[in-house]
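**Student:** Provided herewith is a single structure, encoded as structure tokens, for subsequent inquiry.
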Amino acid sequence: KLSHYDARLTTAQAQVTSAEGKAATATARASQAVARWQQVQLRYAQVNSQLISTTKTLKTRKTDLDKLQAGYNNLYKEYQANQTHSQQLDLEVGEKTKQISDAKTSISELEGKRDSLQGDLDSIRTQLDAAAQELARIRSFASDQILQARKQPLIYSMGAELARGRVPAHLSKNEARALVDSLLTAAQNAARERGAGVDDLIPYAGLVQYPGPNGQPVTVEAQKDMLASRLAGGPDERVMQVKAPFNVFKGEGALVTLIDQPNPIVYQPGQLIAEVKIDGREDKRKILQGLDGLGVEMRNRALADKMIPTDAGLGSVTSEQILDLYERIKAENRQVRVRAVAKQQTRAADPLVVSFTLR
């Protein structure tokens, strides 16, 4: 049994020795593993440090990249703005080029017109020379006429009316022209009856040619045509007066102008024009003075109402009417109001015809 235990002990010792060998080997391996782990930790620390550094670098690069991206965006916006501006400049250059082309064309046209106007200017100078000669002749003639006129009686004073006529509304141009001719003929007849004569420019009475704004003469026919054009188609009635702008002496032709103005209805039949109080118990002189006052009131009222008088006045009252009115007032044998009323519808240029009533 002891041998048996010795054998088992020997075996056990051998196992212990083997286990110790394995333990030593394991210890060595463990030491190696620890050494490796330490190396791994060191390497990890190094890598982690590098990672942290790289992360910081990446953050810095990201910031720089963001700045670069923002700068790029700004530059791109500027580029787009410059492109738009460039396109606008291209359009403006095109427009300016067209304007320059048009200006060159206009210059060429103006040069052509200048040459034409130069020819017109030469023609006008020729006409002016002729007009100057005609003016000298007219001045000589006028001087002779003035000398002769001083020896003749005055037949029309400045502003005197030779004729007048109503101009109905809505005339055609031909009708208006016929009316102008008719009024000028009436003025000629009136001037001839007054003692006007025929001279180199005017037969009794009429218009004369005069230089227009462009230097071209405005003929008598052209003046009549312009008057007819102005009168034609008018919506309201007017009156045209033929007047002498200068004094006219016997034996010379009367230069005239034609003036038109509105001719509205001023009075309706029975409309009161003026009134005065007169006592029929007074003597004849005072009653007639009162009637004279009525005449003054009538004239003042008619002028205030825009009646257009003739050289003879606004109208006339016969001596028979005055005598009849006097006798009616006298027959009342009391104070009465003498009223002058329009006898008929009366326009501004019509003669004022009145009737008298007593109240």
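**Student:** Residue under question is GLU161, and the condition is that it be out of contact with any Asp or Glu (no Cβ under 9 Å at 6 or more places or on another chain) and either modelled with pLDDT of 95 or more or charged (D, E, K, R) (or both); does it hold?
**Tutor:** no
**Student:** Is one or more of the residues making up segment 100-113 modelled with pLDDT under 60, part of a helix (DSSP H, G or I) and out of contact with any Pro (no Cβ under 6 Å at 6 or more places or on another chain)?
**Tutor:** no
**Student:** Restricting to strands (runs of 3 or more DSSP E) lying wholly in segment 154-271: which have 3 or more residues that are within 20 Å of ASP311 (Cβ to Cβ)?
**Tutor:** Those strands (runs of 3 or more DSSP E) span 154-156, 161-167, 238-243, 257-262.
**Student:** Next question, about the same structure. Does segment 292-304 hold any residues that are surrounded by fewer than 13 Cβ atoms within 10 Å (Cβ to Cβ) and either closer than 30 Å to GLY165 by Cβ or touching a Pro at 6+ places or on another chain (Cβ under 7 Å) (or both), and which are they?
**Tutor:** Listed by number, the residues that qualify are VAL296, ASN300, LEU303, ALA304.
**Student:** Anything in segment 295-317 that is in a loop (DSSP other than H, G, I, E, B) and among the basic types (Lys, Arg)? List them, or say none.
**Tutor:** Correct list: LYS306 only.
**Student:** Filter segment 189-217 down to residues that are of a type in the set (A, V, I, L, M) and buried (at least 16 other Cβ atoms within 10 Å of the Cβ) and give me whichever is nearest to the chain's Cα centre (by Cα).
**Tutor:** LEU207
**Student:** Let me ask another. Against the conditions (1) surrounded by fewer than 15 Cβ atoms within 10 Å (Cβ to Cβ); (2) modelled with pLDDT of 95 or more, where does GLN289 fall short? Just the number, please.
**Tutor:** With (1) surrounded by fewer than 15 Cβ atoms within 10 Å (Cβ to Cβ); (2) modelled with pLDDT of 95 or more applied to GLN289, the lone miss is (2).
**Student:** Here's something else I'd like to know. Any residue at all in segment 247-258 that's more than 24 Å from SER157 (Cα to Cα) and either at pLDDT 90 or above or surrounded by 14 or more Cβ atoms within 10 Å (Cβ to Cβ) (or both)?
**Tutor:** no
**Student:** Still on this structure, please answer the following. Kindly list the number of the only condition in (1) in a strand (DSSP E or B); (2) within 30 Å of VAL220 (Cα to Cα) that fails for ARG337.
**Tutor:** Condition (2) is where ARG337 drops out.
**Student:** Tally the residues that are surrounded by 12 or more Cβ atoms within 10 Å (Cβ to Cβ), in contact (Cβ under 8 Å) with a residue 40 or more places away in the chain and among the small types (Gly, Ala, Ser), restricting the search to segment 323-355.
**Tutor:** Count: 4.
**Student:** In the list GLU320, GLU282, which residue meets the criterion of being assigned to a loop (DSSP other than H, G, I, E, B) and free of Cβ contacts under 8 Å to residues at least 40 places away in the same chain?
**Tutor:** The unique qualifying residue is GLU282.
The values are calculated or read from the model by the stated rules, or taken from the named source; none is laboratory data. It should be emphasised that the depicted structure is a prediction, and the values quoted were computed from it without experimental measurement. With ideal geometry, Cβ positions are generated from the backbone for all residues, glycine too; neighbour counts draw on all protein chains shown.
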